[in-house]
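The values are calculated or read from the model by the stated rules, or taken from the named source; none is laboratory data. All of these numbers come straight from a predicted model, not from anything done at the bench. Positions of Cβ are generated from backbone atoms using ideal geometry, with glycine treated the same way; all protein chains shown enter the neighbour counts. Calculation scope for accessible area: heavy atoms of the full protein, side chains included, ligands and nucleic acids excluded. Shrake-Rupley method; radii C 1.70, N 1.55, O 1.52, S 1.80 Å.
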Amino acid sequence: MKILIYLFPTFCLLVAAENLLINNIGPNSTITKLNRVDLLEGFHYGPDKKNQSSEKLEISDAMKAQKAKMLLEWFLRDLKLYVTDTDFDYRAFEKNVAKLRHRLADTEFQVMSTLNHDDGLEKLAANVRKVFQIFVDSADRLNRYLASDLPGHDEIYSIIQLYVRAIAMKNPQEMLDRQIVGVKRKLKRLLCSYMDVEADFKQQARVPPGMQALFELYAKEARIMLSAFKSQAGIQKKDDQICFEMDGVHKGHTRGV
């Protein structure tokens, strides 16, 4: 009983203190009423699901973009397999052209359905499509000029072959592919082949005007590429000197690439 009498005043003080806090007694009191707050507006417990979802989408799209880029580069690599050090195997290419066209269309669809184009995907896709179409058009023409007996047909066949071989020396960035084994020597050989076929064509008489224009078109494009390749490879020597060093004897040419 004595213990209860002793603790009773303490209990009363605790109750009074709790009432004071809950009811905010006194008009001039500096004590603010404390209310339980379950969730403050704008404050989240645990991870932000919205931000996480956005990040996952960005990562997923970046992965799709990377996959599409790899597919384009692989397609370009496979196109180059039809080109050797000496020629463009257009017959083998034609046998697979339908499959290649379907494969390229699928890859282009992946590119267009990807949101992330910051890495130049569209430009790469356009370049790959351009190279594929060059191969298709060149194969069509090579078939015709191989079977022709018109003046200049051999030289047109040769310049088309040379043009495709030059295209195959480009990397996906449309520069000289420095990873090609023996790239400088192959480039020099291509330069000399160009000079030979140009000289031979000039010796042809009575070439139909359309064939003349076609040869000049391919020759111009090939000359622009080879000139750029020389610069990128750091080759400073003149074309005649290059070809003389490689062959010992070379046709007399007055114009270099």
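Region 144-220 gives an Rg/Rh value of 1.04, both radii derived from C-alpha positions and Rh following Kirkwood. If R0 equals 51 Å, the separation of the Cβ atoms of Ala62 and Lys220 corresponds to a calculated FRET efficiency of about 0.80. Rolling a 1.4 Å probe across all protein chains gives Ile167 an accessible area of roughly 20 Å². For Asn171, neighbours were defined as the other residues whose beta-carbon sits under 11 Å from its Cβ, and their charges (Lys and Arg +1, Asp and Glu -1) total +1. A straight chain from Trp74 to Glu122 at 0.36 nm per residue would run longer than the Cα-Cα distance by 15.7 nm. Extension gain, Val183 to Val97, is 28.2 nm, computed as 0.36 nm per intervening residue step minus the present C-alpha separation. Only Lys, Arg, Asp and Glu carry charge here, each on its Cβ (+1 for the first two, -1 for the last two); on that basis region 97-245 has a dipole of about 340 debye about its Cα centre. Taking θ as phi - 60° and the Karplus parameters 6.51, -1.76 and 1.60, the scalar couplings of region 190-195 work out to 5, 4, 5, 5, 4, 5 Hz in sequence order, x denoting glycine and proline.
Among the protein heavy atoms of region 116-203, carbon and sulfur supply 47% of the accessible surface, probe 1.4 Å, non-protein parts ignored.
So which of Lys95/Lys184; Lys69/Lys230; Lys69/Lys186; Lys186/Lys237 end up more than 21 Å apart by C-alpha? Before the final figure, lay out the partial values.
Working: Lys95/Lys184 32 Å; Lys69/Lys230 28 Å; Lys69/Lys186 28 Å; Lys186/Lys237 15 Å.
Checking Cα-Cα distances, Lys95/Lys184; Lys69/Lys230; Lys69/Lys186 exceed 21 Å.
Since only Ile160, Gln204, Tyr194 are under comparison, the one whose Cα sits farthest along the positive direction of the charge dipole of region 99-205, derived from C-beta charges on Lys, Arg, Asp and Glu, is Tyr194.
Maximal additional length on extending the Arg129-Gln236 stretch stands at 35.2 nm, based on 0.36 nm per residue less the C-alpha distance.
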